[in-house]
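Got a structure here, written out as structure tokens. Questions coming.
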Amino acid sequence: MRPLIVDALASGRGKRQATRDVIGAGPRSLAGVLEGEGMKPQITVAETVLDGELDLGDFDFLLASGMTTDLQAIRRVTSTWKKTSGSPVLVGGPVASEPERSLTKTYADISVIGEGEQTLKELLELGLHRGRLPDPEVLKRVRGITYFDGVVHFNPLRPAMRRREYDSLVPSTATIVDYPLFRSSRVYVEALRGCSNYGRARIAADTKICEGCRRCDEGDLEGRYDCPQGISPGCGYCSVPSLFGPPKSRSADKIVQEVEELLSRGVKRVVLSAPGFLDYGRDLLVEPRPLTDPRHPEPNYQILDELLSKLSELSGFQDRKASFFIENMKGNLVTERAAEILGRHLEGTPVNVGFETGSMTHTAQLGRASTPEENLKAVLRLKREGLRPYVYFIHGLPGQNPENARETVETIDRCVASGASRIILYRFQPLPMSAFHGMPKAPPAEKDLIGKSIYRAAQRANRTLKENLVGQTVRVVIAERYRRDKRFHVAYPLHHGPVVLVEGFEGSEGSVVDVEIVGVVSDRMVRGRLCDGMF
Ligand code: SF4
């Protein structure tokens, strides 16, 4: 039995334009479930299917995943599939958190909401392993799916997995080679899933209005889980707690084993994925209770250090022929001790601290865990320990007004003074299953007076922060020939920095080389000259 997994991440209408160097963890996790059932799954990207480079007749069913913005790519993939095959089509990933839309727009048979692994296992047992859909009468009982049977049926959600169940999953490492450019891509490896922020946004998206019971702020860990008014947990703009529940950490040995296998297959850049990396191991401190408090207990320093130490010892990282990063963290958990541990293992790498707003009042309205002051302190501490803090803001959020926008502009300036390496500004987009679902998407910053003030502040700050890399030597991983000018190869810095165009390279993808930066092409791209030697 040969299932095909199509990873449509960032494919938009069908072709990946941005973040070409990112490989998410979800498709490999599903491939691991299929391998565990004795199957030989193959992963591909939407582009490969749409370019007709794959014989779809070789496969027995299709799993397609992507973001809500990838709906069109997924629809094109499923309609291509349906021209050649009557076999089942399942869609999953963030796109499925709008289940009706994901079914009716893509013509898939089943939409899998939230964590897909257990649902997939159950569907396999019920007949999918023979390449057939279970009968509608049977499908009725499968939690976590929406399916089409003349009309759209919504089944109840599947409860989030418990830690042990989650930790028993074995993501596929064999299928990493199915991805184009896997040697040079940032390959995501899950360290933990879920989020500890069970606070709630106080801006109502619909008729759900906070009645002020304070359970989500002051209740015990179980009490915080549910809001009597049914307001979705977490920051209002985020759907992670609704989709994945409170944090559950994978054991360090399993993460290390997965990373080691990926390195042995040629991967050079690994990202430990976690909605908040400093939640790693905190769940163990309160187990079996759910970790629904984003502040207490403090980070699990011992487990954090153990994971990062074991990873640092892997020979690929020791030889500096490969690198690993972390991404997001909650500013309130960046204690002196946490920053010191991160600095010891991740010096020189970027870390993300989300502010989203610079206003304390707005922070509380959004249901955020950390305050702007805590985030600023986190930036200072991380910078002092040798990391490169990237800070995040969102313009056009519900509740944005001239006063809190002014505070955000001030905070952006304070981030620069505190040691931020880069300001990243997003435009608010309401996510399904978040508290702000149904609210209007923000207008482009340039078309909105308040949004524009934040946008300009971020631009100004980034100009100040722009590093002059010219003359510096940077270690990069070669990816592919530059499409616009074949004399160059696109390469990604092993640790951080802009895309590098390398002239005169003769070798293969995944080669690690040192280059001297000789010029600036654009905001995000520089030109490099090969130094002697390859690693
Ligand atoms: S649990 Fe719900 S009703 Fe109670 S304070 Fe939190 S948001 Fe308000």
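Throughout, read-outs are computed from the coordinates displayed, never taken from laboratory work. Predicted model only: the values in this text are computed from it and were never measured. Cβ placement follows ideal geometry from the backbone for every residue including glycine, while neighbour counts extend to all protein chains displayed.
To two decimal places, what compactness ratio does region 96-180 give when its Cα radius of gyration is scaled by 2.2 N^0.38 Å?
1.18
What FRET efficiency do you get for residue 337 and residue 79 if R0 is 51 Å and r is their Cβ-Cβ distance, rounded to the nearest 0.05?
Step by step, r from the Cβ atoms, then E = 0.45.
For region 260-394, what's the radius of gyration and Dmax over Cα atoms, in angstrom?
Both quantities, over Cα of region 260-394: 15.5, 49 Å.
Also: How big is the Cα convex hull of region 3-166 in projection, averaged over all directions, in nm²?
Dividing the Cα hull surface by four gives the mean projection, 9.1 nm².
What's the FRET efficiency of residue 523 with residue 403 using the Cβ-Cβ distance as r and R₀ = 45 Å, to the nearest 0.05?
In this case the efficiency is close to 0.90.
A further question follows. Please order 248, 83, 105 by the number of other Cβ within 10 Å, starting at the fewest.
Listing 248, 83, 105 from fewest to most nearby Cβ atoms yields 83, 105, 248.
May I ask for the equivalent-ellipsoid semi-axes of region 473-534, computed as the square root of five times each C-alpha gyration tensor eigenvalue and listed largest first in whole Å?
Each semi-axis is the square root of five times an eigenvalue, giving 15, 14, 10 Å.
Let me ask another. Go ahead and run the numbers for FRET between residue 257 and residue 13, Cβ-Cβ distance against an R0 of 56 Å, rounding to 0.05.
According to the calculation, E is roughly 0.90.
Quick check on the chain: helices-only [θ] at 222 nm, where DSSP H runs of length 4 and up contribute -39,500 (n - 2.57) each and the sum goes over total residues. Nearest 500, please.
About -8500 deg cm²/dmol.
Can you spot the lysines whose alpha carbon is less than 27 Å from residue 377's alpha carbon? Ignore those fewer than 8 places along the same chain.
Output for residue 377: 248, 330, 452, 466.
What are the principal axis extents of the Cα atoms in the chain, in Å, biggest first?
Principal-axis extents of the chain (Cα, largest first): 64, 63, 48 Å.
With the dipole of region 346-412 worked out from charges on the C-beta (+1 for Lys and Arg, -1 for Asp and Glu) around the Cα centre, which of 386, 409, 376 lies farthest toward the positive end?
The Cα lying farthest towards the positive end belongs to 386.
For a quick protection proxy, order the peptides 63-74, 350-361, 211-222 by their average other-Cβ count within 10 Å, most packed first.
Top to bottom by mean Cβ count within 10 Å: 63-74, 350-361, 211-222.
Here's a follow-up. Would you kindly calculate the translational diffusion coefficient of region 174-328, applying Stokes-Einstein with the Kirkwood radius from alpha carbon pairs, for 20 °C and a viscosity of 1.002 mPa s, and quote it in µm² s⁻¹ without decimals?
It comes out at roughly 125 µm²/s.
On to the next question. Among 69, 338, 455, whose Cα sits farthest toward the positive end of the charge dipole of the chain (+1 at Cβ of Lys/Arg, -1 at Cβ of Asp/Glu, about the Cα centre)?
Positive-end residue among those listed: 455.
Throw me the Rg/Rh for region 183-465, computed over C-alpha atoms with Kirkwood Rh, two decimals.
0.97
Taking neighbour counts of Cβ atoms within 10 Å as a proxy for exposure, in what order, fewest first, do 426, 237 appear?
Starting with the residue having the fewest Cβ neighbours, the order is 426, 237.
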